[in-house]
Each structure stands twice: as C-alpha cells, then as structure tokens.
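The values are calculated or read from the model by the stated rules, or taken from the named source; none is laboratory data. Values in this document were obtained by computation on a predicted structure and should not be read as measured data. When we count neighbours, we look across all protein chains shown, and the Cβ atoms used for this are built from the backbone with ideal geometry, even at glycine. The area values use the complete protein model at the heavy-atom level, side chains included, leaving out ligands, DNA and RNA. Shrake-Rupley method; radii C 1.70, N 1.55, O 1.52, S 1.80 Å.
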Amino acid sequence: MICVPLIVWSTLVWLSALPLPESFAPPNFKPITVNKYISYEATWAWVFFFVYEAYYLILEPVAALIYLPQFLLSLGLANSFAHRPDGMLLGTAVHIISWVMQFIGHGAFEGRAPALLDNIAGALFLAPFFVHLELLFMLGYRKDLYQALKNSTGVEITKFRKSKAQEKREKTL
C-alpha cells in the first residue's frame, strides 16, 4: 500500500525533469507555484498524469475523481522535488527501494511475485488505481465491485496455486 504510491511519485519526479517540447506544450501555459513544495510545469509528468487519470476515469469514474486531488498533489510535490539539487538522486533512491520492498512484500506476505511479472503493462497502469480502490473499499466504497474483484482475484490465485503445485509434482516425477 505504501510502495506503489512511492513508485508513482518517484516516476513523476523523473518525468518532471523532462520539459515538453514547445510544440507539444499547452499554449500560454505558465508554471504554477503554490508554495516551495508544490509547483506545476509543462513536463512529461503531466502527460503521465493525464493518460493515467483518463484511463482511470474510463474504468471507474467516481473512484477516479476521488483519486484526482491525491494524484494532483503527488504531481505538484514531485515537480518541486525534481528541482532540488538532490531531487533526482533521492527520487531514484525512493524508486529503487520501493521496488525492492514491493518484491519483498509480495514474496513474504503473498508468497508470489507481483503481478508485474505476469502482465507488465497492466500492472504498471493498474497498480496505483488498485491501491486507491483498496483504500476506498476499506471505507465501504462499492461493496458490489469489491466482492466481484475479490471473487475474480480468488479464482486467479487458486489457478496460480494449482499450476505451481502441478509444476512441483512434475519436477518430483
């Protein structure tokens, strides 16, 4: 629950250091500085933000709108952080440590690798939203959706465990 948002944030730090080409940037867009910790500039981080948020709006509009302020805050914090003298170094450290902890957490608590290894595109796009949905579900959001996801996840976990057991049996023969 902690590592995925940190991976997204550190990715936004990296992308905040890459300005958009003039032809791609919004016309007459001026950087916005809220305070020394939050600022917005026309960078590739905005492209990341818009693509992800648009996808989330298609998947689950209400949850995506609830996620919007958090995502915008993360974007603004990452943009300001990217301009610190040590921003890229610390952002990279957070990124690497978060990935390591993500793999350790999955191995220790779920007994398997993250979904990233099964479907990289799906995992990279869906993991941030899935973490957000998990928090919403804890607060009672869309119990019907929660139950449907829980059931389909249970089916997939059962398939995974059966295939691992089958592989183990085949190796012992």
Among (1) within 15 Å of Glu60 (Cβ to Cβ); (2) touching a residue at least 40 places away in the same chain (Cβ under 8 Å), there is one condition Phe137 misses while meeting the rest; what is its number? (2)
Looking at Ser23 and the list (1) in contact (Cβ under 8 Å) with a residue 12 or more places away in the chain; (2) farther than 18 Å from Phe129 by Cβ; (3) open to solvent by 40 Å² or more (accessible area, probe 1.4 Å), which single condition is not satisfied? (1)
Based on what the data block shows, is Ala165 small (Gly, Ala, Ser) and exposed (fewer than 12 other Cβ atoms within 10 Å of the Cβ)? yes
Kindly evaluate Glu110 against the criterion of being in contact (Cβ under 8 Å) with a residue 40 or more places away in the chain and either within 19 Å of the chain's Cα centre (by Cα) or within 27 Å of Thr153 (Cβ to Cβ) (or both). no
From the list Leu173, Leu90, Leu117, which one is open to solvent by 60 Å² or more (accessible area, probe 1.4 Å) and either touching a Leu at 6+ places or on another chain (Cβ under 6 Å) or at pLDDT 80 or above (or both)? Leu90
State all residues of the stretch 72-98 that are touching a residue at least 60 places away in the same chain (Cβ under 8 Å) and closer than 28 Å to Tyr141 by Cα; if no residue qualifies, say none. Ser74, Leu75, Leu77, Ser98
Spot the failing condition for Gly140; the list is (1) closer than 27 Å to Tyr67 by Cα; (2) in a helix (DSSP H, G or I); (3) open to solvent by less than 60 Å² (accessible area, probe 1.4 Å), and only one is missed. (2)
When only residues in the stretch 30-81 that are of a type in the set (D, E, K, R) and open to solvent by 70 Å² or more (accessible area, probe 1.4 Å) count, which is modelled with the lowest pLDDT? Lys30
What are the residue pairs meeting all of these: first residue in the stretch 35-59, first residue within 18 Å of Pro19 (Cα to Cα), second residue part of a loop (DSSP other than H, G, I, E, B) and of a type outside the set (A, V, I, L, M), Cβ atoms under 8 Å, and 6 or more apart or on different chains? Ser39/Pro31; Ser39/His83; Tyr40/Pro31; Glu41/Pro31; Ala42/Pro26; Ala42/Phe29; Ala42/Pro31
What pairs come up if the first residue lies in the stretch 154-167 and is among the β-branched types (Val, Ile, Thr), the second is outside any helix (DSSP H, G or I) and modelled with pLDDT under 85, and their beta carbons are under 9 Å apart, counting only those six or more places apart or on different chains? Ile157/Arg112
